[in-house]
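To keep things clear, I will list the structure first and then write my remarks on it.
Derivation of every value follows stated rules applied to the coordinates shown; laboratory data play no part. Keep in mind the model is a prediction, meaning the values are calculated, not measured. FYI the Cβ positions are ideal-geometry reconstructions off the backbone, even for glycines, and counts take in every protein chain you see.
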Amino acid sequence: MTRTAYTGVPRWLYVLAALAALVIVLPLLAIVGRVNWGNFLPLVTSESAVTALGLSLRTSAASTVLCIVLGVPLALVLARGRFPLLGLLRSLVLLPLVLPPVVGGIALLYTFGRQGLLGGTLDVLGLQVAFSTTAVVLAQTFVALPFLVVSLEGALRTGGQKYEAVAATLGAPPGVVFRRVTLPLMLPGLASGAVLSFARSLGEFGATLTFAGSLQGVTRTLPLEIYLQRETDPDAAVALSLVLVAVAVAVVALAYRRPRSSARQASGERTTAAVPAGGALP
């Protein structure tokens with residue numbers, strides 16, 4: 001008897017899935033319905049809107065780079081490390097996912113503010129972090145870093161350590177194993193995590209407002225501009241919200257542009273090519 005893969009889904013689950021989709025889609029459609037299309041372009045191309053969008057894109061890109069630089073070694077330690085406080089470290093790393101962003105902003109303020117844990121020392125050195133563009137990048141990194149770490153740690157655990165073990169058996173030192181085997185193995189998870197971190201940074205509001213304030217051209221990102229416009233010009237707030245939604249949809253679509261199975265297969269092919277059969281890695 002030939003066995004086939006089970007792909008059936010109970011019909012009642014489709015009903016619940018449709019309700020879940022409506023919870024997300026209906027508010028977005030409501031935004032589209034409230035847009036003043038006659039003045040849409042003037043609203044989204046005003047000087048304040050363009051400045052805020054440009055600042056958001058620049059700071060989000062900077063925070064994403066910082067997330068990659070810090071997140072790759074952290075995810076590798078969480079996935080491969082073995083030490084007593086590993087569980088506690090993982091819980092602390094994931095804490096920004098559940099903390100209200102404003103709490104994160106307060107924590108950053110009491111760390112890097114003038115009266116903070118490190119702020120006094122930085123002030124003596126002539127470095128003022130709070131209420132600056134650097135503060136925006138730090139706030140975005142604080143809330144976005146766990147997204148990259150979670151994606152990357154999951155990819156590392158799914159891939160296992162068999163390829164690294166083969167490379168080590170062939171005589172490759174740890175540095176070469178990391179560069180030629182581990183990095184290709186984690187690339188799909190790294191790409192998805194980086195894109196999601198960028199999206200989270202782009203939408204950050206609470207921590208940025210608390211730690212960096214809202215100074216036009218310096219710390220006022222697009223979410224802050226939307227919040228301020230909501231009080232004075234609701235049409236502009238709705239138009240800018242639609243722009244932010246469109247950018248977020250494009251970013252998330254980019255992160256999940258191909259099936260995970262294909263990503264894993266591509267990762268396996270790159271890793272296999274990186275480990276020559278019958279010889280040590282160069």
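Observations
- Equivalent ellipsoid dimensions for region 140-185 as semi-axes, Å, which come from the Cα gyration tensor, largest first: 26, 11, 6
- Long-range tail of P(r) for region 98-206 (Cα pairs > 21 Å, %): 53 percent
- Longest to shortest principal axis, alpha-carbon extents of region 162-224, angstrom: 57, 18, 17
- In this simple spin-label model, placing a label point 7 Å from the Cα along the Cα-to-Cβ direction at both D233 and L41 gives a separation of 1.6 nm.
- Magnitude of the charge dipole, region 39-274, Cβ model with Lys/Arg +1 and Asp/Glu -1, debye to 20: 1120 debye
- Straightening the chain between L122 and V245 buys 40.6 nm, computed as 0.36 nm per residue apart minus the Cα-Cα spacing.
- Convex hull projection area averaged over all views, region 1-144, Cα basis, nm²: 17.3 nm²
- Cα gyration tensor shape for region 5-76, rounded if a/c is under 1.5, else prolate or oblate: oblate
- Label point at F83 placed 7 Å out along Cα→Cβ; residues across region 174-206 whose backbone nitrogen lies under 15 Å: none
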